[in-house]
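The values are calculated or read from the model by the stated rules, or taken from the named source; none is laboratory data. Given the structure is predicted, the values throughout are model-derived calculations rather than measurements. Backbone-built Cβ (ideal geometry, glycine too); neighbour counts: all protein chains shown.
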Amino acid sequence: MFDSHRVELDWGGRKLVLETGKIARQADGAVFATYGETTVLATVVSAKEPKAGIDFLPLTCNYFEKFYAAGRIPGGYFKREGRPTEKETLVSRLIDRPIRPLFADGYRCDTQVIVTVLSHDLENDPDILAMVAASAALTLSGVPFMGPIGAGRVGFINNEFVLNPQIDEMQESQLDLVVAGTADAVLMVESEAKELPEEAMLGAVMFGHRHFQPVIEAIIQLAEKAAKEPRDFKLPDNEALDKEILGLVEQDLRAAYAIPGKQERHTAVEAAKAKVMGHFFPEGAENPPYDKLRVAGAFKELEAKIVRWSILDTGRRIDGRDVKTVRPIVSEAGILPRAHGSALFTRGETQALVIATLGTGEDEQFVDALQGTYKETFLLHYNFPPFSVGETGRLGAPGRREIGHGKLAWRAIRPMLPPHHEFPYTIRIVSEITESNGSSSMATVCGTSLALMDAGVPLRRPTAGIAMGLILEGERYAVLSDILGDEDHLGDMDFKVAGTERGVTSLQMDIKISGITEEIMRVALTQAKDGRLHILGEMARALTSARAELGAHAPRIEVITIPVDKIREVIGSGGKVIREIVEKTGAKIDISDDGTIKIASANGESIKAAINWIKSIASEPEVGHVYDGTVVKVVDFGAFVNFFGAKDGLVHISQLAPRRVQKTTDVVKEGDKVKVKLLGFDERGKVRLSMKVVDQQTGEDLEAKQKAEAEQARETAAAGAE
């Protein structure tokens, strides 16, 4: 019944199986892929006719994780998978980035890639399998895709590269790097590292590239058995059109791209484009020789050529810089008076206003994932409003770009954060991009580092980032430091490197051509290191390390531990006790199952009051200690004092003062704040307290003071006798 085909291989110590022909047979391409016991289904459907009115590839990649894959039911009210999670969005981007450059130029048919996780063994992250399965499905589909690609994860454990480490092994890894590419070159890198040197990062990329070659060979074997006939597709011949446009506006474009200012430059480019459109489509003309999209596309290609030729020929860029110079940088910290930490980082025409907020355990984000629900204590949110590029636009929920850029900055900063047990705060960063002309994600990294230090977060070291570009024409190439937006759009590579003075914490690379060589990557990494160190030096003009004190408005957190069997008493029936403590002290309290309690407040007295209250419940008062107390009842024979949370004790009339007391009310009355020493317990277990042995002003133990003075006198006398 099924005309199915299958290939399998041992890859990284586990079996990889690719099957087709049995499931989703009406899709143009479908692959059922299994790695270990993790299984995904990848499908590809591409429209038969090009989409009208567009000049780009309408490609959509969607990755979905189904909770049944891990034997779980989704959390929430509806118990159904809802909008894409951050993980699903990021993996969708991982799939899209390496395959998009491999579609034939000019292909405009609506194309959709869908990858669904059907089974998850909680050992093998489905993201790599999803990329491999999508590549295989595209290769089988018959669309003009110049693949296949392979992909792999590289870890660095015990100073050795590891291919596709399992999820629990990644906790010991100094590197989490995903690399994808063809048989000949690397196309995409995404990574997080713990200050690894550039050579180690390059070695990891090439290690991954070598080790996913068997996967590419397996996809080719499957395609030889099951691939559909390639679609007829021919790119229009624009040679004559290109030549005509070049003659019309070459000098205009060269002059436009000699203007340093972004807005002025774009105005000049638009004028050149209007000149071209007016030439080919004069008012009132009928039956023009070309359609408008074709002319606009040819004009855009000429723009790219003008910029690229100029850089390769002269070594000078759009704004007059050479290939290595970083734009002027201004770093400022502490610019928002009420924020816990803030920074404004400006590099050329790119600017990020970054705000740090410190929270408590109540602010931790709960993440419902296939592996289970976990808490995230470091959040980084990136916003890119349309005014940052001088445009109008729709505002709404963050898109894939915002989520991807925010995650890149998150990966760059996270290795430098203090351990949570040492700095028990939930940290939220918001990066508001207020201007953009080249790598706002790297500006976010720099601004985040400054804002965290301004908030008093003890970062291990300041972190900076830089975006690199590439112009590649045959054997000639130029690597560009700190690229402009136009150089990003018209160039061949977006290569972002973040790190400290000691090493790399994050590396992201996207290639718009068929790939780059190891030599070019080495040059880019070396040049990026020089640029990063320069940026760190400029950032140091604002801050070099964390401020000694937390921000004035930030909560203070104290951590104490109580016996586990006392947790119930601190919480109380239905939470009555803990609610009362919070209400009366004003502190936020978070209790963990292991007895760890975090008490937070911007007011130190609130924290102290909450700690004393909790300790009074969870522990017993110690004989010989002095406590603050409140007189709650006065009787003829003494006063009852509340001194240890809910505990009361009797100060006998003989212990009220160092003199003879006739009436209790001569010394105290109800509501008085006093200092008492715990003398011990009587034969019935009643608490015995004393006021007369405590200095009521300072709280000093007078008995202890007298004993110390007597001991000092004896030592002095003994020394004199000798």
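Details
The rows are residues; the columns are (1) surrounded by 18 or more Cβ atoms within 10 Å (Cβ to Cβ); (2) polar (S, T, N, Q); (3) over 24 Å from the mean Cα position of the chain (by Cα).
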{"site": "Asn158", "(1), (2), (3)": "no, yes, yes"}
{"site": "Leu187", "(1), (2), (3)": "yes, no, no"}
{"site": "Gly208", "(1), (2), (3)": "yes, no, no"}
{"site": "Gln221", "(1), (2), (3)": "no, yes, yes"}
{"site": "Ala226", "(1), (2), (3)": "yes, no, yes"}
{"site": "Asp232", "(1), (2), (3)": "no, no, yes"}
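- Residue check, Thr698 in the same structural domain as Phe637 (by TED's automatic domain parsing), under 22 Å from Asp636 (Cβ atoms) and not basic (Lys, Arg): no
One line per residue, one yes/no per condition, for (1) in contact (Cβ under 8 Å) with a residue 60 or more places away in the chain; (2) over 21 Å from Thr357 (Cα atoms):
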residue: Gly396; (1), (2): no, yes
residue: Ile403; (1), (2): yes, no
residue: Glu435; (1), (2): yes, yes
residue: Gly447; (1), (2): yes, no
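- Residues that are within 28 Å of Leu484 (Cβ to Cβ), part of a strand (DSSP E or B) and over 17 Å from the mean Cα position of the chain (by Cα), drawn from the stretch 334-352: Ser342, Ala343, Leu344, Phe345, Thr346, Arg347, Thr350, Gln351
- Only residues that are surrounded by fewer than 22 Cβ atoms within 10 Å (Cβ to Cβ), within 17 Å of Gln112 (Cα to Cα) and not aliphatic (A, V, I, L, M) were counted across the stretch 5-33, and they come to 3.
Yes/no per residue for (1) buried (at least 16 other Cβ atoms within 10 Å of the Cβ); (2) within 45 Å of the chain's Cα centre (by Cα):
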{"residue": "Glu239", "(1), (2)": "no, no"}
{"residue": "Asp252", "(1), (2)": "yes, yes"}
{"residue": "Ala258", "(1), (2)": "no, yes"}
{"residue": "His279", "(1), (2)": "no, no"}
{"residue": "Trp309", "(1), (2)": "no, yes"}
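- Residue tally, condition in contact (Cβ under 8 Å) with a residue 60 or more places away in the chain and either at positive phi or of a type outside the set (S, T, N, Q) (or both), over the stretch 498-512: 10
- Scan of the stretch 1-35 for residues that are touching a residue at least 40 places away in the same chain (Cβ under 8 Å), out of contact with any Leu (no Cβ under 9 Å at 6 or more places or on another chain) and farther than 30 Å from Gly297 by Cβ, ordered by number: Arg14, Gly21
- Between Val661, Val668, Val631, the distinction of being assigned to a strand (DSSP E or B) and either within 20 Å of Gln697 (Cα to Cα) or without any contact (Cβ under 8 Å) to a residue 24 or more places away in the chain (or both) belongs to Val631 only.
- The combined condition, being in a helix (DSSP H, G or I), touching an Asp or Glu at 6+ places or on another chain (Cβ under 8 Å), closer than 30 Å to Pro415 by Cα and touching a residue at least 24 places away in the same chain (Cβ under 8 Å), is not fulfilled by Glu301.
- Residue that is surrounded by the fewest Cβ atoms within 10 Å (Cβ to Cβ), among those in the stretch 482-510 that are of a type in the set (Gly, Ala, Ser) and at pLDDT below 95: Gly485
- Lone qualifier among Thr544, Thr517, Thr526 - being assigned by TED's automatic domain parsing to the domain that holds Ala467, surrounded by fewer than 19 Cβ atoms within 10 Å (Cβ to Cβ), among the hydroxyl-bearing types (Ser, Thr, Tyr) and modelled with pLDDT of 90 or more: Thr526
- Of all residues in the stretch 541-562, those that are touching a Gly at 6+ places or on another chain (Cβ under 6 Å) and under 20 Å from Gly447 (Cβ atoms) total 4.
- Restricting attention to the stretch 211-237 and to residues that are assigned to a loop (DSSP other than H, G, I, E, B) and acidic (Asp, Glu), the residue that is farthest from Tyr107 (Cα to Cα) turns out to be Glu229.
- In the stretch 94-106, the residues that are surrounded by 19 or more Cβ atoms within 10 Å (Cβ to Cβ) and outside any helix (DSSP H, G or I): Phe103
- Considering the conditions (1) out of contact with any Ser or Thr (no Cβ under 7 Å at 6 or more places or on another chain); (2) free of Cβ contacts under 8 Å to residues at least 24 places away in the same chain; (3) closer than 24 Å to Val17 by Cβ, Arg83 is excluded by exactly one of them, (3).
- All conditions in (1) over 19 Å from the mean Cα position of the chain (by Cα); (2) under 21 Å from Ser191 (Cβ atoms); (3) of a type outside the set (A, V, I, L, M) hold for Arg411, with the sole exception of (1).
- Condition check for Met201: surrounded by fewer than 17 Cβ atoms within 10 Å (Cβ to Cβ), of a type in the set (A, V, I, L, M), within 30 Å of the chain's Cα centre (by Cα) and in a helix (DSSP H, G or I): no
- Given (1) in contact with a helix residue (DSSP H, G or I) (Cβ under 6 Å, 6 or more places away or on another chain); (2) surrounded by 18 or more Cβ atoms within 10 Å (Cβ to Cβ), index of the condition Ala304 fails: (2)
- Among the residues listed as Leu679, Leu702, the single one being aliphatic (A, V, I, L, M) and closer than 17 Å to Asp648 by Cα: Leu679
- Within the stretch 547-580, being in a helix (DSSP H, G or I), among the acidic types (Asp, Glu) and surrounded by 11 or more Cβ atoms within 10 Å (Cβ to Cβ) holds for Glu569, Glu580.
- No other residue among Phe78, Phe67, Phe56 is assigned by TED's automatic domain parsing to the domain that holds Asp96 and in contact with a Pro (Cβ under 8 Å, 6 or more places away or on another chain) apart from Phe67.
- Contact annotation: residue pairs with Cβ atoms under 6 Å, 6 or more positions apart or on different chains, pairing a residue in the stretch 224-251 that is more than 11 Å from Ala298 (Cβ to Cβ) with a partner that is among the polar types (S, T, N, Q) and surrounded by 11 or more Cβ atoms within 10 Å (Cβ to Cβ), are Ala226/Thr20.
- Residue count for the stretch 20-39 satisfying the condition of being in contact with a Ser or Thr (Cβ under 6 Å, 6 or more places away or on another chain) and closer than 27 Å to Asp110 by Cβ: 8.
- Selection of the stretch 116-175 for residues being in contact (Cβ under 8 Å) with a residue 60 or more places away in the chain and in a strand (DSSP E or B) yields Thr116, Val117, Leu118, Ser119, Gly150, Ala151, Gly152, Leu163.
- Flag if Glu569 is out of contact with any Pro (no Cβ under 8 Å at 6 or more places or on another chain), farther than 30 Å from Leu452 by Cα and either modelled with pLDDT under 90 or in the same structural domain as Lys647 (by TED's automatic domain parsing) (or both): yes
- Considering residues of the stretch 596-621 that are aliphatic (A, V, I, L, M) and not in a strand (DSSP E or B) only, the residue nearest to Ile567 (Cα to Cα): Ala618
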